[in-house]
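K.L.:
Before anything else, here's the structure in question.
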Amino acid sequence: MTAGKWFKGARSSEDWWALWIGLFFVVIGLIAAATRLDLTGWLVAFPKWVDIAKALKAGHPELMGGWTSLILSYLIFSAVTCLGARLMKWDVRKYFLAWTVIFWLTAILYILSRNAYVQGTAVDREKYGIGWSLSIGGAHYIIALLAGLIIGNLAPRRFREFLKTAARPEWFIKIAIVALGTKLGLKAIETTGFTMELLIAGASATIAAYLIFWPLAYVFCRRVFKLTREWAATLASGISICGVSAAIATGSAIRARAIVPIMISALVVVFAVFELLILPSVLTYTPWFNEPIAAGASLGLTVKTDGADAAAGAITDELMRNRAADMGVFWEGGWILSAAIMTKIWIDMFIGIWAFLLAVIWVYHIEKKPGEKVEKMEIWWRFPKFVLGYFIAWFAVMGLGLSGVISPESLEWGLKPIEGAMRHLFFMLTFTSIGLVTNFRELAKEGMGKLALAYGVILIAIIIPIGWGIAWLFHHGMVPPIAQP
Amino acid sequence: MAEGKKRIKKVTGEAEPWEKWEADLVRWSVIAGLIALILFGAIVNIFIL
């Protein structure tokens, strides 16, 4: 009888398999870093491009060409996820065929949406020699989501059902979050000087922000919009902490039905794109211009996907520096963007803590029946195991780097493809899959409108104004260093 | 299909009544947030800004 064992589900649940797969690649990255054997350079990356021949590259471009890297990535990820599918007792043949369609669809969408005319910033325009661009950083996520939604809602029913065999948004995002742990470890190693000050200010702002954001968002959902607890808790986490990752972690911790974090994730992505398009201009052409670092940090607190936050930070960095240059002040590039990313990284760190707290609250207050004795193990069983993988990855990388066992340069070299290329690819697979499993017509008819309204109102009435206030409080007066001529 | 429909209907389904522990959770979280805001705000303002 294994029902009560701590490792229940270790071979058969998606959550555990996200941990195994994520850590497998992290360990490979660490071995590569320790031995300088190129075990991770094959991972495919999707850079911005104007010449389609340069739309793909290997994680370590000297190792192989872009197309070879894409094919190898497909083969390796197919093998690993099929192994997981087999041990989880899915129909492996059907999974493999559907996965193949989803992988290549995602790869094509990723390539097309990374075109420099779509995503290029003002700096990129110079780099790629183009006269204009839409500057929609993070557009690949929204394009993947839209394409998924179109296929998931308009394709023949049999085809949709077939694709759903491998459209596993929760699984893919959990694997990506384990990989995210390595990014935090690498960031912790490289922080010094002004970066350290930014990190401390960002951490303080984040702790204060999410402790205030979450309960207010929850109250709004419950009292104003009359949502049930599982919707309110998941939406509050998504909008307060770090978007998709937090919604998924919360969904696992409170045992919400699968549809709950999926719908919230779709909202997070769509609203993040609106924020990305609007906030950089608002910050640049209002008195926020006088507080550039606070403006960057405010993006980390208010834009809820990593991609859109980084893109909004890059655009704001660009717009503000150009405006300052017009006034004869030349700020160093990248600091406003760094403020946006640092704050977001801290928010990312709180996923695990919040998931744990919610698991405890749900076990002891919500689902406990009068007179019932709740096993302490229940908290462990519902604690999202992929979050454990994320912490292991983070502390392993940070520990090995700070103790000098592996040099920071080697860690960066071995793990960069995991932290960057692999994580982004799995985020893309997530958004394609969210679209595929979302039946938009039914959702619109049955309540998506109400959720979208709740999300929009909370974003505008709570998250943005409080996020702005807290960002100012912890970063006011900070300006980027002056650029050397 | 019917099950899917029933599942989705829960989006706008009847919400559970607001309970005291929820009010406590919200109150204490906001109090903790405000304490963090004042404490960390003071530290950051004195030592960094």
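The values are calculated or read from the model by the stated rules, or taken from the named source; none is laboratory data. In this text the structure is predicted, and so the values were computed from the model without any measurement. Cβ: placed from backbone, ideal geometry, glycine included. Neighbour counts: every protein chain shown. Heavy atoms of the whole protein, side chains included, go into the accessibility calculation; ligands, DNA and RNA do not. Shrake-Rupley method; radii C 1.70, N 1.55, O 1.52, S 1.80 Å.
K.L.:
Which condition number does A:L70 fail, the rest of (1) buried (at least 18 other Cβ atoms within 10 Å of the Cβ); (2) in contact (Cβ under 8 Å) with a residue 60 or more places away in the chain being met?
P.N.:
Going through (1) buried (at least 18 other Cβ atoms within 10 Å of the Cβ); (2) in contact (Cβ under 8 Å) with a residue 60 or more places away in the chain one by one, A:L70 breaks only (2).
K.L.:
Hey, another quick one. So, in segment A:325-369, how many residues would count as being open to solvent by 10 Å² or more (accessible area, probe 1.4 Å) and either in contact with a Leu (Cβ under 9 Å, 6 or more places away or on another chain) or under 26 Å from A:I315 (Cβ atoms) (or both)?
P.N.:
20
K.L.:
Here are some residues: A:I102, A:I173, A:I143. Which one is open to solvent by less than 40 Å² (accessible area, probe 1.4 Å) and modelled with pLDDT of 85 or more?
P.N.:
When all the criteria are applied, what remains is A:I102.
K.L.:
Another question about this same structure. Would you mind telling me which numbered condition in (1) without any contact (Cβ under 8 Å) to a residue 12 or more places away in the chain; (2) within 19 Å of A:P280 (Cα to Cα) A:S135 fails?
P.N.:
Checking A:S135 against (1) without any contact (Cβ under 8 Å) to a residue 12 or more places away in the chain; (2) within 19 Å of A:P280 (Cα to Cα), the one that fails is (1).
K.L.:
Can you pull out every residue in segment A:152-173 that is assigned to a helix (DSSP H, G or I) and free of Cβ contacts under 8 Å to residues at least 60 places away in the same chain?
P.N.:
If the condition is that a residue be assigned to a helix (DSSP H, G or I) and free of Cβ contacts under 8 Å to residues at least 60 places away in the same chain, then A:L154, A:R157, A:R158, A:F159, A:E161 are the ones that fit.
This table checks each residue for (1) modelled with pLDDT of 90 or more; (2) within 14 Å of another protein chain (Cβ to nearest Cβ).
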{"site": "A:K226", "(1), (2)": "yes, yes"}
{"site": "A:L235", "(1), (2)": "yes, yes"}
{"site": "A:I259", "(1), (2)": "no, yes"}
{"site": "A:I262", "(1), (2)": "no, yes"}
{"site": "A:L267", "(1), (2)": "no, yes"}
{"site": "A:V273", "(1), (2)": "no, no"}
{"site": "A:L276", "(1), (2)": "no, no"}
{"site": "A:P287", "(1), (2)": "yes, no"}
{"site": "A:S298", "(1), (2)": "yes, no"}
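K.L.:
Is it the case, given these coordinates, that A:G148 is outside any loop (DSSP other than H, G, I, E, B), crowded, with 23+ Cβ neighbours inside 10 Å and touching a Leu at 6+ places or on another chain (Cβ under 6 Å)?
P.N.:
It is true that A:G148 is outside any loop (DSSP other than H, G, I, E, B), crowded, with 23+ Cβ neighbours inside 10 Å and touching a Leu at 6+ places or on another chain (Cβ under 6 Å).
K.L.:
I would also like to ask the following. Among the residues of segment A:449-458, write down those that are surrounded by fewer than 22 Cβ atoms within 10 Å (Cβ to Cβ) and in contact (Cβ under 8 Å) with a residue 40 or more places away in the chain.
P.N.:
Of everything in segment A:449-458, those that are surrounded by fewer than 22 Cβ atoms within 10 Å (Cβ to Cβ) and in contact (Cβ under 8 Å) with a residue 40 or more places away in the chain turn out to be A:K450, A:A452, A:L453, A:G456, A:V457.
K.L.:
I need a count of the residues in segment A:78-99 that are open to solvent by less than 60 Å² (accessible area, probe 1.4 Å) and in contact with a Phe, Trp or Tyr (Cβ under 8 Å, 6 or more places away or on another chain).
P.N.:
Qualifying residue count for the region: 9.
K.L.:
Give segment B:11-33 a look and list any residue that's more than 7 Å from chain A (Cβ to nearest Cβ) and over 17 Å from A:I366 (Cα atoms), or say none.
P.N.:
B:R27, B:W28, B:I31
K.L.:
Here's another thing I want to ask about it. Can you tell me which condition A:L400 does not meet? The list is (1) open to solvent by 10 Å² or more (accessible area, probe 1.4 Å); (2) within 14 Å of chain B (Cβ to nearest Cβ); (3) over 22 Å from A:F225 (Cβ atoms), and all the others hold.
P.N.:
(2)
K.L.:
Filter segment A:88-120 for residues that are within 30 Å of A:I315 (Cα to Cα) and in contact with a Lys or Arg (Cβ under 9 Å, 6 or more places away or on another chain) and give the result.
P.N.:
A:R114, A:N115, A:A116, A:V118, A:Q119, A:G120 - these are the residues of segment A:88-120 that are within 30 Å of A:I315 (Cα to Cα) and in contact with a Lys or Arg (Cβ under 9 Å, 6 or more places away or on another chain).
K.L.:
Quick check, is A:E190 more than 10 Å from chain B (Cβ to nearest Cβ), within 30 Å of A:L400 (Cα to Cα) and either open to solvent by 20 Å² or more (accessible area, probe 1.4 Å) or not aliphatic (A, V, I, L, M) (or both)?
P.N.:
Yes; evaluated as a whole, the condition is true for this residue.
K.L.:
Another question, if that's okay. What number of residues within segment A:237-257 are surrounded by 24 or more Cβ atoms within 10 Å (Cβ to Cβ) and within 13 Å of chain B (Cβ to nearest Cβ)?
P.N.:
Qualifying residue count for the region: 3.
K.L.:
Looking at A:L63, A:L75, A:L37, which one is open to solvent by 40 Å² or more (accessible area, probe 1.4 Å), hydrophobic (A, V, I, L, M, F, W, C), in contact with a Gly (Cβ under 7 Å, 6 or more places away or on another chain) and free of Cβ contacts under 8 Å to residues at least 60 places away in the same chain?
P.N.:
Just one listed residue meets the conditions, A:L63.
K.L.:
Those residues that are within 20 Å of A:L43 (Cβ to Cβ), at pLDDT below 95 and open to solvent by less than 40 Å² (accessible area, probe 1.4 Å), I need them from segment A:105-122; list them, please.
P.N.:
Residue satisfying the conditions is A:S113 alone.
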